[in-house]
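The values are calculated or read from the model by the stated rules, or taken from the named source; none is laboratory data. These figures come from a predicted structure and were not determined experimentally. In this analysis, Cβ positions are derived from the backbone assuming ideal geometry, glycine residues included, and neighbour counts consider all displayed protein chains. Only protein heavy atoms, including side chains, enter the accessible area calculation; ligands, DNA and RNA are left aside. Shrake-Rupley method; radii C 1.70, N 1.55, O 1.52, S 1.80 Å.
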Amino acid sequence: MKYHQGSTILLLNILLIQYASGQTLPPASATEDWSTKPPVVVPAESAELPPSDAVVLYSGKGDLDQWEHLDGSAVKWEINAEGMMIVPKTTDIQTKQKFGSAQVHIEWKTPDPKEDQGMNRGNSGVFLMGLYELQIYESYNYETRIYYNGQAGSVYKQHIPLVNAARKPQAWQSFDIIFAAPVFNADKTLKTPAYMTVLHNNVLILNHVELKGPMVYQGFPKYEYHEAKMPLRLQEHGSRVSFRNIWIREL
Ligand code: MG
């Protein structure tokens, strides 16, 4: 009873001070937002599977009819029991459908290092909008085979990943990407740049990093006007990297 009296007196004191200083709080309902009811999305049973509103671009089984080479020809990459695998010298592939800002899940694995030596080991890449490269590379027990903004999970030649979360070669790995597309003004100048957040094997490696422009191998990136939606592209860089469970949610 004594405690109850004490807290009642304290509350009265607070109200009295607020009243005296003109700081009366608005009703709690003033900060309740009823404007937009979030649509229902049914989550999958496990993290690699697509939620109900995702576009499945490749499940790991079946054909590649949602994909094409950049010249529009049918995909010449290999389909095997585990997924699709790059066939060297066949060139990059891209989705037939176009996307802007998106959440992307993609699983990949690099080949046996004995068959994939050198500087180029496990090199591929996920190009958001066909332009902005999140690097795929064999980076387990990583030494100095390549500059740090060229290892797995880098925004190629722009951002070093926060940590190296790579698995061993031939193990399946995942990227979960949150990509904000760049926005251009009516006069085609840049309004806001692209941003990327990435989890590599469920570990945060890029935290809302600002992209400097499309990937360029030589020279410095800069933005040039492009469409609001573009294909998602996978890089063929001579290494037999495999893919499965690719899905995307437009934002
Ligand atoms: Mg690459």
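Within segment 108-146, can you find the residues that are hydroxyl-bearing (Ser, Thr, Tyr) and within 20 Å of ASP176 (Cβ to Cβ)? Correct list: THR110, SER124, TYR132, TYR137, SER139, TYR140. Look at segment 115-144: where a residue is under 15 Å from ALA166 (Cβ atoms) and charged (D, E, K, R) and a partner is more than 15 Å from the ligand (Cβ to nearest atom) and not in a loop (DSSP other than H, G, I, E, B), sitting 6+ places away or on another chain with Cβ atoms under 9 Å, you get ARG121/PRO113; GLU138/PRO113.
Listed here are the strands (runs of 3 or more DSSP E) enclosed by segment 157-251 that have at least 1 residues being over 23 Å from LYS61 (Cα atoms), in contact (Cβ under 8 Å) with a residue 12 or more places away in the chain and open to solvent by 20 Å² or more (accessible area, probe 1.4 Å): 173-180, 190-192, 195-200, 203-210, 230-234. Tell me which residues, restricted to segment 42-85, are part of a strand (DSSP E or B) and either open to solvent by 50 Å² or more (accessible area, probe 1.4 Å) or over 18 Å from PRO231 (Cβ atoms) (or both). Selection gives VAL56, GLU78, ILE79, MET85.
Would you mind stating whether TYR147 is modelled with pLDDT under 95, open to solvent by 50 Å² or more (accessible area, probe 1.4 Å) and touching a Pro at 6+ places or on another chain (Cβ under 7 Å)? Considered against the rule, which asks whether it is modelled with pLDDT under 95, open to solvent by 50 Å² or more (accessible area, probe 1.4 Å) and touching a Pro at 6+ places or on another chain (Cβ under 7 Å), TYR147 comes out as no. Restricting GLU45, GLU68, GLU32, GLU78 to residues that are farther than 24 Å from LEU128 by Cβ and in contact with a strand residue (DSSP E or B) (Cβ under 8 Å, 6 or more places away or on another chain) narrows the list to GLU78. Is it fair to say TYR148 is farther than 21 Å from GLU224 by Cα, more than 12 Å from the ligand (Cβ to nearest atom) and not acidic (Asp, Glu)? Criteria met by TYR148. All conditions but one from (1) closer than 24 Å to LYS89 by Cβ; (2) within 12 Å of the ligand (Cβ to nearest atom); (3) aliphatic (A, V, I, L, M) apply to VAL155; the one that does not is (1).
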